[in-house]
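The values are calculated or read from the model by the stated rules, or taken from the named source; none is laboratory data. It should be emphasised that the depicted structure is a prediction, and the values quoted were computed from it without experimental measurement. Virtual Cβ from ideal backbone geometry, glycine too; neighbours counted across all protein chains shown.
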């Protein structure tokens, strides 16, 4: 498990390209037959990927050593979204079949987790966020049809997109974790523009559905001190609560967003006027 320390906004202003990438960009999320985990001390979110190919991937009891608990989810909840082939996830003996663009919420207290691909030739790719939790809510699968959709933007502003809210209070209860998926329509390139911040929550963006030659220019930083990261397919960006988060791609793409913090009000945002950006 890689550990990332918090970065103050004034410190972030001084970072060069490599410094920004080292602190905020998460690369190499999917490694065959392994789980990768990046622990950010910003609201103590854990970001990771699971790629079972030739064998199931399990969360061993040793993972609890990283969180100072008897087992990994003793005081945590987890949400995952599958971006690959069909998956079979076993949580304390109960099997959940999770297809592409489906999510699974795993409640606090789950001890034994196993992740397998139904077909090794088309392996599952399970992107997950994990956050501290205070209450045990039921483990549940959420299909894209069950997610709460919202279509925003227009072709004229190159940001026509549909937001699928999988793990939100309108769909199911969680302690603090919110997760969803935003899909841009062909020809649309901008996400989350006009941009915003939310001091109550940090957020992680995970970009995918991109060709090898495509990139997203992810904008971050204070609105009057903007910076950017060049992000490629299946990479994630950690956005502190003081940072705006928006991006533009060289072609359409999809991204998964995950938030943890003080509240679960999706529309609790501090919008930034376009005239204020610098």
> If you go through the stretch 248-278, how many residues are modelled with pLDDT of 95 or more and not in a loop (DSSP other than H, G, I, E, B)?
Replying inline: 9
>> Tell me yes or no: at least one residue of the stretch 64-74 is closer than 23 Å to residue 206 by Cα and at pLDDT 95 or above.
In response: yes
> Can you name the residue in the stretch 194-212 that is surrounded by 19 or more Cβ atoms within 10 Å (Cβ to Cβ) and assigned to a loop (DSSP other than H, G, I, E, B) and is also modelled with the highest pLDDT among such residues?
Replying inline: 210
>> So residue 221 passes all but one of these: (1) under 25 Å from residue 2 (Cβ atoms); (2) under 18 Å from the mean Cα position of the chain (by Cα); (3) touching a residue at least 24 places away in the same chain (Cβ under 8 Å); (4) assigned to a strand (DSSP E or B). Which condition number does it fail?
In response: (2)
>> Taking the criterion of being out of contact with any strand residue (DSSP E or B) (no Cβ under 6 Å at 6 or more places or on another chain) and closer than 18 Å to residue 95 by Cα, would at least one residue in the stretch 126-134 satisfy it?
In response: no
>> Just the residues that are surrounded by fewer than 13 Cβ atoms within 10 Å (Cβ to Cβ) and touching a residue at least 12 places away in the same chain (Cβ under 8 Å), please, taken from the stretch 18-50.
In response: 27, 32, 41
> Can you pull out the strands (runs of 3 or more DSSP E) entirely within the stretch 1-100 that have at least 3 residues that are within 22 Å of residue 260 (Cβ to Cβ)?
Replying inline: 2-4, 34-40, 46-51, 76-82
> If we keep just the residues of the stretch 142-161 that are outside any loop (DSSP other than H, G, I, E, B) and crowded, with 17+ Cβ neighbours inside 10 Å, which is modelled with the highest pLDDT?
Replying inline: 142
